[in-house]
Amino acid sequence: MELFDAVDVIRTKRDRGELSNEQIDWVIDAYTRGAVGEEQMSALAMAIFLNGMNRREIARWTGAMIASGDRMDFSRLGKPTADKHSTGGVGDKITLPLAPLVASYGVAVPQLSGRGLGHTGGTLDKMEAIPGWRAALSNEEVMSQLADVGAVICAAGSGLAPADKKLYALRDTTATVECVPLIASSIMSKKIAEGTDSLVLDVKVGSGAFMKTIDQARELARTMVDLGTDAGVKTVALLTDMDTPLGLTAGNAVEVRESVEVLAGGGPKDVVDLTVALAREMLQSAGVDADPAEALADGRAMDSWNAMIRAQGGDPDAPLPTPRETETLVAPADGYITRMDALAVGVAAWRLGAGRARKEDPVQLAAGIELHATRGDKVRAGDPLLTLHTDTPERFERAKEVLKGAIDVGAEAPPSTNVVFERIAP
Ligand code: URA
């Protein structure tokens with residue numbers, strides 16, 4: 001005999017009521033067990049999408065999703081743990097240089113990551129461009145790598161917040177993804193279950209992000225910071241720019257190459273600035289007083305990267321996959337690039353084969369886009385702007401279609417902006 005009737009729970013939220021703690025615990029548990037049907041959960045998700053949840057409801061919903069699965073425990077490592085989560089963007093390869101950089105200061109960084117779906121790339125897909133590298137690690141392997149090397153980037157096991165796994169797949173097919181209470185509880189249930197001491201959230205704002213306006217991003221960041229803090233995780237959020245792709249690459253192998261440039265002390269300014277800003281937050285939360293820019297300059301972060309790749313079977317010195325075909329697009333006029341639309345570049349990279357349409361699709365490791373110039377740069381008519389990479393040249397046309405109108409060249413340089421807009425702390 002079930003404690004509640006799903007129809008009553010849906011009706012409560014449909015009529016703008018508050019769900020009780022008992023209703024929330026029951027509905028998440030019953031959905032995970034299959035006693036609440038997909039059609040009932042989709043109606044409830046849409047009612048939440050339309051009518052929202054208050055802080056108590058969101059915290060309880062998150063707790064119920066955590067309770068649906070396992071919790072990891074890093075306390076026996078004997079060193080602080082710090083994690084970063086990004087809400088997803090185009091060219092967002094920051095996890096790659098960030099994890100080894102922070103680990104080079106003696107902080108353990110467990111980056112349990114996912115694959116790309118839609119126009120935002122997935123960290124695991126990028127890392128798999130490195131020959132031999134392995135994403136699937138057992139819990140014991142994660143623990144021993146954290147103890148020895150300090151940094152791990154690997155696939156999140158299926159035991160963490162299984163209720164979220166099921167619900168996220170449902171939201172994807174019912175137009176209920178872009179909803180602050182549901183996004184915040186989805187992300188934070190996984191991060192709290194993972195058991196990190198501290199967490200830095202990179203909340204993206206702009207055309208290539210879920211959150212198109214700063215107000216939406218602020219609300220999401222505040223909700224997640226409150227959830228983490230209430231659960232005993234030291235949590236801060238940075239609101240960062242996603243109107244323009246991050247750095248000069250979007251795709252898989254091309255993003256690994258750029259990350260290695262950053263680890264070698266070079267790389268595009270926005271990627272370096274964001275990596276250092278996030279590393280600073282992670283070190284501060286872990287009680288380490290240091291300037292992370294130093295470990296990029298003196299090679300310590302690169303040593304830590306090489307050790308991390310080798311520990312997972314990869315060869316950091318092996319050549320990365322190269323595309324079978326490339327096509328270069330040129331600047332239409334003299335002037336300054338005033339807009340390089342992140343969403344269009346992300347969708348184009350995806351159409352070239354860097355991403356997948358269904359979760360079981362393979363990705364092309366060599367597919368992606370290399371930018372020769374970005375917002376703020378001066379160009380002359382005919383200069384190379386973008387090089388498209390793919391193994392399947394029939395994809396060029398559809399990629400070029402989405403790039404039409406995505407880049408503006410004007411007479412005046414656009415105002416320069418910082419990649420970090422705002423910091424949200426408890
Ligand atoms: N990422 C998640 O893990 N969940 C969401 O709901 C959105 C982005």
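The values are calculated or read from the model by the stated rules, or taken from the named source; none is laboratory data. Computed from a predicted structure; not experimentally measured. Don't worry about glycine lacking a Cβ; one is built from the backbone with ideal geometry, like all the others, and counts go over all protein chains shown. Note: accessible area is taken over every heavy atom of the protein model, side chains too, but ligands, DNA and RNA are not part of it. Shrake-Rupley method; radii C 1.70, N 1.55, O 1.52, S 1.80 Å.
Summary table below
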{"quantity": "Accessible surface, 1.4 Å probe, highest first, among residues Thr328, Thr176", "calculated": "Thr328, Thr176"}
{"quantity": "Rounded to the nearest 20 debye, dipole of the chain from Cβ charges on Lys, Arg, Asp, Glu", "calculated": "400 debye"}
{"quantity": "Helix axis angle, 269-285 relative to the chain longest principal axis, alpha carbon, degrees", "calculated": "40 degrees"}
{"quantity": "Relative contact order (percent, whole number), region 6-52, Cα cutoff 8 Å, 6+ residue spacing", "calculated": "51 percent"}
{"quantity": "Region 128-145 - phi-based ³J(HN,Hα) in whole Hz, Karplus 6.51/-1.76/1.60, Gly and Pro as x", "calculated": "5, 5, 7, x, x, 5, 10, 8, 8, 10, 6, 4, 5, 5, 4, 4, 6, 5"}
{"quantity": "Contact order normalised by residue count of region 121-196, Cα under 8 Å, 6+ apart, percent", "calculated": "24 percent"}
{"quantity": "Area of Asp73 that stays accessible when all protein chains are in place (1.4 Å probe, Å², to 10)", "calculated": "100 Å²"}
{"quantity": "Dipole axis of the chain (+1 Lys, Arg; -1 Asp, Glu on Cβ), positive-most option in Thr81, Ala264, Leu296", "calculated": "Thr81"}
{"quantity": "With DNA, RNA and ligands ignored, accessible area of Asp243 (1.4 Å probe; Å², nearest 10)", "calculated": "80 Å²"}
{"quantity": "With Cα atoms, 0 to 90° folded angle of helix 300-311 axis to the chain main axis", "calculated": "70 degrees"}
{"quantity": "Helical mean residue ellipticity (222 nm; -39500 (n - 2.57) per DSSP H run of 4+; nearest 500) of the chain", "calculated": "-12500 deg cm²/dmol"}
{"quantity": "Average projection area in nm² (convex hull over Cα atoms of the chain, one quarter of hull surface)", "calculated": "20.4 nm²"}
{"quantity": "Area accessible to solvent at Glu178, 1.4 Å probe radius, in Å²", "calculated": "100 Å²"}
{"quantity": "Cα gyration tensor category, rounded, prolate or oblate, for region 1-119 with a/c compared to 1.5", "calculated": "prolate"}
{"quantity": "Accessible heavy-atom area order of Tyr31, Tyr168, highest first, probe of 1.4 Å", "calculated": "Tyr168, Tyr31"}
{"quantity": "Unit charges at the beta carbon, dipole of the chain: most positive-side option, Met1, Gly34, Met211", "calculated": "Met1"}
{"quantity": "Greater than 25 Å apart at Cα, pairs in Lys13/Lys234; Lys84/Lys165; Lys126/Lys378", "calculated": "Lys13/Lys234; Lys126/Lys378"}
{"quantity": "Positive minus negative residues near Gly195 (Lys, Arg vs Asp, Glu; Cβ under 12 Å)", "calculated": "-1"}
{"quantity": "Charge dipole of the chain about the Cα centre (unit charges at C-beta), most positive-ward option of Ala331, Leu50, Met65", "calculated": "Leu50"}
{"quantity": "Nearest-20 debye value, region 214-262 charge dipole, Cβ charges on Lys, Arg, Asp, Glu", "calculated": "160 debye"}
{"quantity": "Whole-angstrom Cα spans of region 325-410 along principal axes, big to small", "calculated": "43, 22, 18"}
{"quantity": "For the chain: relative contact order, % (alpha-carbon pairs under 8 angstrom, 6 or more apart)", "calculated": "20 percent"}
{"quantity": "Largest-first ordering by accessible area, 1.4 Å probe, given options Glu397, Glu2", "calculated": "Glu397, Glu2"}
